[in-house]
Amino acid sequence: VAYDHGPLGSSLAAYWLVVLLLCARRAAPLAMPLGVTGILLGGRLLGADTDEPNAVVVVTALAFFSAGRHAPRSRAFLGLASILAATATLLLEATVRGELSGDVVLVLALAVAPWAVGIALRETLARTHALAAAAERARLEQELAGERAAAAERKRIARELHDVLANSLSVMTVQASVAADLVLEHPDQAEGAVAEVERSGRAALGETGRLLRLIGDRGKDGGTQPQHRLADVQALAAEYARAGLTIDLEL
């Protein structure tokens, strides 16, 4: 039995040309259906054997798939039009050669299936990328919100530290002045004023250390309330009274 497959060189050249064209399917997806079909039919006109069914089905299916997978969404119907034109060309060529059969019609009727698979894959990947981008934006926004909250907490702690030091230093200054005035005539009272200076200094040191630890720990420790609240007015007035100031407090 003899088989006439045509010149081997022209057949290989036609199929390699198809392969090279398919390598550009991402850059020019809409040209794939008509381009591959044109090479196959042109090779036949030049005497090449490009009508081997399995090879034709594989390369045309990949070309049709590329038109759906890589074409932009706005030009999807142009890909479908290209596929339908390529299918009509193949049907016409088979009719002219007298080789139109039920199998050929069935294969060409299913030509849109690879394009639909490509469309579905493209949409799935687009949704996946959109979800990944949204998740990344949410992560960045959460980090930014955390940084803003940390900055606000540091400012609050700095204000609290300022209040603590200002209050304690004021008490210590007044008590030191009182001690200096009383040290000669009333040493007992001067000793009490010096003790108050020491107490205020130790309290200021303790509170400063707590606030500095808060800055280092990003506020994970306790003590996130302001140093003095409305309920602390009486204690604050009593502290200044002990410093030697005359305090009149009415509630």
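The values are calculated or read from the model by the stated rules, or taken from the named source; none is laboratory data. Since this is a predicted model, take the numbers as computed values, not measurements. For neighbour counting, all protein chains shown are included, and Cβ atoms are generated from backbone atoms with ideal geometry for every residue, glycine included. These area figures cover heavy atoms from the full protein model, side chains too; ligands, DNA and RNA do not enter into them. Shrake-Rupley method; radii C 1.70, N 1.55, O 1.52, S 1.80 Å.
One table, with the values for the structure above:
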{"quantity": "Selected residue (only one of Ala179, Ala111 is of a type in the set (A, V, I, L, M) and either loosely packed, with under 13 Cβ neighbours inside 10 Å or more than 30 Å from Val59 (Cα to Cα) (or both))", "calculated": "Ala179"}
{"quantity": "Glu153 at pLDDT 80 or above, loosely packed, with under 12 Cβ neighbours inside 10 Å and part of a helix (DSSP H, G or I)", "calculated": "no"}
{"quantity": "Residue under evaluation Leu214, criteria (1) under 30 Å from Pro29 (Cα atoms); (2) surrounded by 15 or more Cβ atoms within 10 Å (Cβ to Cβ), criterion not met", "calculated": "(1)"}
{"quantity": "Selection count where residues are of a type outside the set (S, T, N, Q) and open to solvent by 50 Å² or more (accessible area, probe 1.4 Å), scope region 45-75", "calculated": "13"}
{"quantity": "Inter-residue pairs, beta-carbon under 6 Å, first surrounded by fewer than 18 Cβ atoms within 10 Å (Cβ to Cβ) and in region 25-44, second assigned to a helix (DSSP H, G or I) and polar (S, T, N, Q), 6+ apart", "calculated": "Leu34/Ser82"}
{"quantity": "Boolean, Ala76 is modelled with pLDDT of 85 or more and at negative phi", "calculated": "no"}
